[in-house]
Each structure stands twice: as C-alpha cells, then as structure tokens.
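Okay, structure first, notes after.
The values are calculated or read from the model by the stated rules, or taken from the named source; none is laboratory data. In this text the structure is predicted, and so the values were computed from the model without any measurement. So basically every Cβ, Gly included, is an ideal-geometry build from the backbone, and we count neighbours across all protein chains shown.
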Amino acid sequence: MLSKEQVKHIAELARLGLAEEEVAKFQKNLDSILEFVEILKKVNVSGVEPMAQAVETENIWREDEADANSCGQQFREQFLKNLPESEQGFIKVPPILE
C-alpha cells in the first residue's frame with residue numbers, strides 16, 4: 001500500500017493541493033489502480049501487434065476547398081444576422097479594457 005507521504009509526493013508532482021482526508025481517499029484509489037496494473041502485467045500479449053487505436057480508420061481528411069456556400073458576401077451577411085450585435089460588418093463585443 002502506498003504511504004501517505006508517497007501520495008502527497010505524487011500530488012505535489014501533479015501540482016495538486018490535497019486536504020488530509022483527500023490523501024486517505026487517493027491512497028485507496030491509487031492502490032486500486034496499481035493493483036490493476038499488476039494484473040495487466042500478467043496478461044500474455046505475445047503475438048499481439050501494437051496499435052494506436054482500437055478501430056481501423058481511413059484517412060477521413062478532405063481537401064480544404066472554398067465553395068459558394070462557405071465564403072463570400074452571402075455567407076458573411078448570414079453570419080452577421082445570427083450575431084447579437086454587429087457594426088459596419090464587424091462582430092461587436094463588449095470591451096475588456098476600460
């Protein structure tokens with residue numbers, strides 16, 4: 001079982017401030033995780049190819065091409081109509097500096 005000092009050290013490395021009752025809680029949680037990792041270490045994975053994701057996918061990217069629906073004056077006007085406020089063709093936002 002991890003000691004409270006080890007849990008506090010891990011929390012410090014993760015830049016987490018833990019209250020004393022949280023240390024005890026995470027002590028149990030981290031122990032459970034480490035026990036599970038030990039179980040996983042015993043699994044025979046010889047002959048299993050490494051993979052980056054569980055589902056095979058094709059390249060789903062498309063060329064970035066502009067069309068009449070995605071740019072131009074008509075799109076700009078439609079976009080500006082959906083804004084709470086606009087002024088002279090620009091998005092109007094509240095000031096952030098006084």
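Going by the structure shown, is Val37 exposed (fewer than 10 other Cβ atoms within 10 Å of the Cβ), modelled with pLDDT of 80 or more, within 25 Å of the chain's Cα centre (by Cα) and among the β-branched types (Val, Ile, Thr)?
In short, yes.
Every condition in (1) more than 30 Å from Ile10 (Cβ to Cβ); (2) loosely packed, with under 10 Cβ neighbours inside 10 Å; (3) at pLDDT 85 or above holds for Lys42 except the one numbered (1). If the condition is being modelled with pLDDT of 80 or more, of a type outside the set (Phe, Trp, Tyr) and surrounded by 10 or more Cβ atoms within 10 Å (Cβ to Cβ), then the range 54-84 contributes Arg76, Glu77, Gln78, Leu80, Leu83.
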